[in-house]
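Notes follow once the structure below has been shown.
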Amino acid sequence: TCPNHCSGHGDCISGTCSCFGDWGGFSCDVILKCEPKCSDKGKCSRGVCVCSPGFIGADCSEDGRCPNKCSGHGVCQNAKCECHHGWTTEDCSQDTCEGHCS
């Protein structure tokens, strides 16, 4: 018998799993395909996106070239932070105090 019945993603042949399509691993429990193709900004390695330099995120869709990742107060677009309302500076780290200063 094969481990975990090949996880339903393969055939058991002489006690060894022969995995279908994009499945791999000892018991065919590892997906070898990345969705959605790592946003064309990285390469898929055993089901995990390995992002090209300057890109981050599970699917490599996020621009990672901004300083301090925009401090969590903005969105990185073309290597420049676009700060959320109420935040300023190159990395969106400074509170502008609009409406919430004491």
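The values are calculated or read from the model by the stated rules, or taken from the named source; none is laboratory data. On a predicted model such as this, the values are computed, not experimentally measured, just so you know. Counting neighbours? That spans all protein chains shown, and the Cβs are built from the backbone with ideal geometry, glycine included. The protein model used for the area step is the full one, side chains on, heavy atoms only, and it has no ligands, DNA or RNA in it. Shrake-Rupley method; radii C 1.70, N 1.55, O 1.52, S 1.80 Å.
Label-to-label distance, Ser45 versus Gln94, with points set 7 angstrom from Cα along the beta-carbon direction: 4.0 nm. Solvent-accessible area per residue in the chain equals 68 Å², computed with a 1.4 angstrom probe and all protein chains kept.
Probe radius 1.4 Å, ligands and nucleic acids ignored: give me the carbon and sulfur share of the accessible area of the chain as a rounded percent. Write out the running numbers ahead of the final one.
Values: 3460 of 6950 Å².
On the chain, the fraction of accessible area on carbon and sulfur atoms equals 50 percent.
Computed from these coordinates, which is log10 I(q)/I(0) by the Debye sum over Cα atoms at q = 0.15, 0.21, 0.22 Å⁻¹: [x] -0.70, -0.95, -0.99; [y] -0.59, -1.15, -1.24; [z] -0.90, -1.10, -1.12? Among [x] -0.70, -0.95, -0.99; [y] -0.59, -1.15, -1.24; [z] -0.90, -1.10, -1.12, the one derived from this structure is [x].
Loop-located GluC sites (Glu not before Pro) in the range 22-102 (DSSP state other than H, G, I, E, B) with a sparse environment of at most 15 neighbouring Cβ atoms within 10 Å: Glu90, Glu98.
Taking the Cβ of Lys43 as the centre, find all other residues whose Cβ is under 13 Å away and add up their charges (Lys, Arg: +1; Asp, Glu: -1).
On the way: positive: Lys33, Lys37, Lys41, Arg46; negative: Asp40, Asp59.
Every neighbour counted, the sum reads +2.
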